1. Does segment 143-152 contain any residue that is of a type in the set (Asp, Glu) and touching a strand residue (DSSP E or B) at 6+ places or on another chain (Cβ under 8 Å)?
2. Going by what's in this entry, would residue 59 be described as more than 16 Å from ligand 2 (Cβ to nearest atom), closer than 29 Å to residue 176 by Cα and hydrophobic (A, V, I, L, M, F, W, C)?
3. Filter segment 135-193 for residues that are within 13 Å of ligand 1 (Cβ to nearest atom), within 26 Å of residue 300 (Cβ to Cβ) and among the hydrophobic types (A, V, I, L, M, F, W, C) and give the result.
4. Looking only at residues that are aliphatic (A, V, I, L, M) and free of Cβ contacts under 8 Å to residues at least 24 places away in the same chain in segment 14-62, which one is surrounded by the most Cβ atoms within 10 Å (Cβ to Cβ)?
5. Could you grab me the full set of residues in segment 203-224 that are more than 9 Å from ligand 2 (Cβ to nearest atom) and buried (at least 23 other Cβ atoms within 10 Å of the Cβ)?
6. Give just the number: which of (1) farther than 25 Å from residue 174 by Cβ; (2) out of contact with any Phe, Trp or Tyr (no Cβ under 7 Å at 6 or more places or on another chain); (3) not acidic (Asp, Glu) does residue 32 not satisfy?
7. What do you reckon, is residue 332 closer than 23 Å to residue 153 by Cα, in contact with a helix residue (DSSP H, G or I) (Cβ under 8 Å, 6 or more places away or on another chain) and surrounded by 15 or more Cβ atoms within 10 Å (Cβ to Cβ)?
8. Is there any pair linking a residue in segment 148-161 that is open to solvent by less than 20 Å² (accessible area, probe 1.4 Å) to one that is within 12 Å of ligand 1 (Cβ to nearest atom) and of a type in the set (D, E, K, R), with Cβ under 6 Å and at least six apart or on different chains, and which?
Amino acid sequence: MKKALISGISGQDGSYLAELLISKGYEVHGIVRRSSILNINRIDHLLQPGEMHGESLKLYFGDVTDSSRLADLIDRIEPEEVYNLAAQSHVNISFHEPIHTSEVVALGALKMLEAVRKSGASHIRFYQATTSEVFGNAGVSPQDEHTPFHPDNPYACGKVFAFHQVRLYREAYGLHASNGILFNHESPRRGDNFVTRKITRGLARIVAGRQNKLALGNLDARRDWGHAKDYVEAMWMMMQQASSDDYVIATGKSHSVRDFLDASFGLLGLDWSTHVVSDPELLRPVDVNEFIGDSSKARQAFGWEPRISLREMAREMVITDLLHEGIDVAQFGL
Ligand code: NAP
Ligand code: F7E
């Protein structure tokens, strides 16, 4: 049975990746941060109540800023595949907490790489969660593996550092280490303070009468939004290649925040403009106007294709959030 270790397993992608790997017969091991309340609600369906070590999923407290713990876990678990998904992943928060963000995103990735290298287990394969944010306002569209980096926020700067460490460990030490340069991907498990989930949760609360206004920032920003389920498959496919490399994963289509508002409010026949208010606090010191990715390299190398459209994803997110508010979705024909 293959063993995989995932940092960031309690996050959106970590939860879908854990499900995917378990469905493929892996024993999955995950690092979770200790907090006063155990924060594993995206993965607790994979365990018995109160359990940390299930049959196919085993969790360990740890933090990617703690080198000695990482070394300890790699030695103890002896994984074949290591997925480094841990991050302070919110771009706007990274402007407010640049040091913390860099410690987790940049040094955390390096500490994971070092723990793998120092274990001496040269067969371990390493996946790094790189991001389209490395391109920033690149002035080149669409972005692919040859697009120059121009990180426009502290989070993206940390991810550029990590990207190059991964490349260096591949070249210097022969480690099978890949960067998945993933464009935005969402789902009903997306954190509440990312724009798509904020919109679908806000919409459900408006319908439930618990909220009337929805405060948002830049509505003109355009993103290449895919579904997290499709994207974790790309992570796994990358790790199965004979040699490691860097791959862009994207849908190749961009939509504005307004388009996402249309897609979600439109499902219920509602006009978002009567609810959305502008909050200058939500504007970033620098925002990227548009991301749009070209994932031809991944398509050609291992046949990856996105399957779930933006409309299908918006529908799934809206239905989940309406049900969470106890609303009968049938009244909307959903
Ligand atoms: P997410 O939902 O924010 O999850 C981040 C995970 O990292 C959580 O499990 C979090 O734990 C964990 N974490 C944070 N700081 C940590 C630390 N110091 N030590 C150990 N774990 C820590 O992010 P996501 O959307 O799943 O994204 C997964 C990865 O892909 C991230 O690295 C992100 O930067 C990158 N990425 C995401 C996207 C996207 O559109 N979703 C696109 C490109 C790249 P807690 O639950 O305790 O907070
Ligand atoms: O913002 C605008 C905002 O925070 C998208 C992370 O997973 O994807 C994500 O980063 C756009 C931006 O995602 C609000 O200004 C308007 O232009 O959902 P977001 P992001 O910044 O693109 C990349 C690929 C990652 O790697 C990151 O980890 O929407 N926007 N109004 C807003 N954004 C937020 N969060 N909240 C608003 O109220």
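The values are calculated or read from the model by the stated rules, or taken from the named source; none is laboratory data. Since the model is a prediction, treat every value here as computed from it, not as a measurement. Methodologically, a virtual Cβ is constructed for each residue, glycine included, from the backbone with ideal geometry; neighbour enumeration extends over all protein chains shown. These area figures cover heavy atoms from the full protein model, side chains too; ligands, DNA and RNA do not enter into them. Shrake-Rupley method; radii C 1.70, N 1.55, O 1.52, S 1.80 Å.
1. Start the filter on segment 143-152 by keeping residues that are of a type in the set (Asp, Glu), which leaves 144-145, 152.
Checking the rest, the ones that are also touching a strand residue (DSSP E or B) at 6+ places or on another chain (Cβ under 8 Å) come to 144-145.
Scanning segment 143-152 turns up at least one residue that is of a type in the set (Asp, Glu) and touching a strand residue (DSSP E or B) at 6+ places or on another chain (Cβ under 8 Å).
2. On the way: more than 16 Å from ligand 2 (Cβ to nearest atom): yes; closer than 29 Å to residue 176 by Cα: yes; hydrophobic (A, V, I, L, M, F, W, C): yes.
Answer is yes for this residue.
3. Scanning segment 135-193 gives 135, 160, 162, 163, 166, 181, 182, 183.
4. Kept after step one, since they are aliphatic (A, V, I, L, M), are these residues of segment 14-62: 17-18, 20-22, 28, 31-32, 37-38, 40, 43, 46-47, 52, 57, 59.
From the residues that got through so far, the ones that are free of Cβ contacts under 8 Å to residues at least 24 places away in the same chain too are 37-38, 47, 52.
Values: 37: 6, 38: 15, 47: 17, 52: 15.
Ranking the candidates gives 47 first.
5. In the first step, residues of segment 203-224 are kept if they are more than 9 Å from ligand 2 (Cβ to nearest atom); the result is 203-213.
Answer for segment 203-224, where residues must be more than 9 Å from ligand 2 (Cβ to nearest atom) and buried (at least 23 other Cβ atoms within 10 Å of the Cβ): 203, 204.
6. In the conditions (1) farther than 25 Å from residue 174 by Cβ; (2) out of contact with any Phe, Trp or Tyr (no Cβ under 7 Å at 6 or more places or on another chain); (3) not acidic (Asp, Glu), residue 32 misses (2) alone.
7. Numbers: closer than 23 Å to residue 153 by Cα: no; in contact with a helix residue (DSSP H, G or I) (Cβ under 8 Å, 6 or more places away or on another chain): yes; surrounded by 15 or more Cβ atoms within 10 Å (Cβ to Cβ): yes.
When the stated conditions are applied, residue 332 does not pass them.
8. 156/133
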